[in-house]
1. Just to be sure before I move on: is Leu131 part of a helix (DSSP H, G or I) and open to solvent by less than 30 Å² (accessible area, probe 1.4 Å) in the structure I sent?
2. Restricted to segment 183-193, and to residues that are more than 13 Å from the chain's Cα centre (by Cα) and of a type outside the set (Lys, Arg), which residue is nearest to ligand 1 (Cβ to nearest atom)?
3. Can you tell me which of (1) in contact (Cβ under 8 Å) with a residue 60 or more places away in the chain; (2) closer than 19 Å to Tyr170 by Cα is the one Lys94 doesn't meet?
4. Out of the residues in segment 7-40 that are more than 16 Å from ligand 3 (Cβ to nearest atom) and surrounded by 21 or more Cβ atoms within 10 Å (Cβ to Cβ), state the one that is nearest to the chain's Cα centre (by Cα).
5. If you take the residues of segment 194-237 that are acidic (Asp, Glu) and at pLDDT 95 or above, which of them is nearest to Gln32 (Cα to Cα)?
6. Does Ser54 meet the test of being away from ligand 3 (no atom under 15 Å from the Cβ), modelled with pLDDT of 95 or more and crowded, with 19+ Cβ neighbours inside 10 Å?
7. Residues that are in contact (Cβ under 8 Å) with a residue 40 or more places away in the chain, of a type in the set (A, V, I, L, M, F, W, C) and either loosely packed, with under 15 Cβ neighbours inside 10 Å or within 30 Å of Asn161 (Cβ to Cβ) (or both): does segment 70-90 have at least one?
8. Considering segment 153-186 alone, what residues qualify as being open to solvent by 30 Å² or more (accessible area, probe 1.4 Å), among the β-branched types (Val, Ile, Thr) and not in a helix (DSSP H, G or I)?
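The values are calculated or read from the model by the stated rules, or taken from the named source; none is laboratory data. Fair warning: this is a prediction, and the values are worked out from it, not measured in the lab. All Cβ positions, even for glycine, are placed from backbone atoms using ideal geometry, and neighbour counts span all protein chains on display. Calculation scope for accessible area: heavy atoms of the full protein, side chains included, ligands and nucleic acids excluded. Shrake-Rupley method; radii C 1.70, N 1.55, O 1.52, S 1.80 Å.
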Amino acid sequence: MNNKLPNHVGLIMDGNGRYAQKLGKPRSYGHQKGAQNLKKLCKYIYKKKIKYLSIYAFSTENFNRPPEEVDYLMNLFVKMFTKELNFLKNEGVKVIFSGKKDNLNKDVLNAMKTIIKSTQNNQKAVLNICLNYGSQDEIVDMVKQICNKVVCNELSIKDINKEEVSKNLYHNLPPLDLVIRTSGEQRLSNFMLWQSAYAEFYFPECNFPEFDEQQLDKALEVYANRDRRFGLIKEVI
Ligand code: IPE
Ligand code: IPE
Ligand code: MG
């Protein structure tokens, strides 16, 4: 196997609801299984020395789901950030969040603060959790921030470039190399549009709770065999 590893992996964890429905269980069961799976996958990903992982936990649009499901997910996030993901502290993983704070309740905000604080000095790897996140909102917020700097004479228009744009996103992260979306859907659903500019995409059919270490290895193998050209000419050997 070619062992070219991605530096930054994006994971759109989709299909929890369908996983549960297939088993005749409530959607919440799928979310619970998805959360357990995430914990397992994180361990594996960082063990493999992948440095950046961005996960799509909840989109701004997900607030339009029935309130019982939204409440269930919010409580699950509290449990994850205060307990289940605590091991990241000792693994050297720094946890950061991307998304809007409004609409998130006090318990979720406090849980986010807890995990940010306990992992803030970690330097081995990064877990970026996209929660109440929308990439178009992120871009709008970046434009506002840059305009503000221009108006305040802190930045001149001629100095606006790709680096400046990246610096004014929620976080200045390296580009995504590989984006995985489970459940067979082939769309981004407003996930990290700027950061995915040259990403490779992988769409396994299985639902997120079924996307295990073996499935991840398969994704990494497919990635390693892709030919990333970045506009250059394909080399014929
Ligand atoms: C992904 O699974 C989790 C979230 C969006 C929070 P879904 O809940 O979207 O599951 P499906 O797509 O309905 O099966
Ligand atoms: C995208 O999944 C958001 C997350 C995985 C958190 P959705 O299930 O909300 O996306 P759509 O509605 O199928 O595009
Ligand atoms: Mg879905």
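1. no
2. Pass one, segment 183-193, residues more than 13 Å from the chain's Cα centre (by Cα): 183-187.
Restricting the remaining residues to those that are of a type outside the set (Lys, Arg) gives 183-186.
On the way: Ser183: 6, Gly184: 10, Glu185: 7, Gln186: 13 Å.
In this case the residue turns out to be Ser183.
3. Going through the list (1) in contact (Cβ under 8 Å) with a residue 60 or more places away in the chain; (2) closer than 19 Å to Tyr170 by Cα, Lys94 breaks only (1).
4. Restricting to residues being more than 16 Å from ligand 3 (Cβ to nearest atom) and surrounded by 21 or more Cβ atoms within 10 Å (Cβ to Cβ), the top hit is Val9.
5. Glu210
6. Considered against the rule, which asks whether it is away from ligand 3 (no atom under 15 Å from the Cβ), modelled with pLDDT of 95 or more and crowded, with 19+ Cβ neighbours inside 10 Å, Ser54 comes out as yes.
7. Yes.
8. Once the filter is applied, which keeps residues that are open to solvent by 30 Å² or more (accessible area, probe 1.4 Å), among the β-branched types (Val, Ile, Thr) and not in a helix (DSSP H, G or I), segment 153-186 yields only Ile160.
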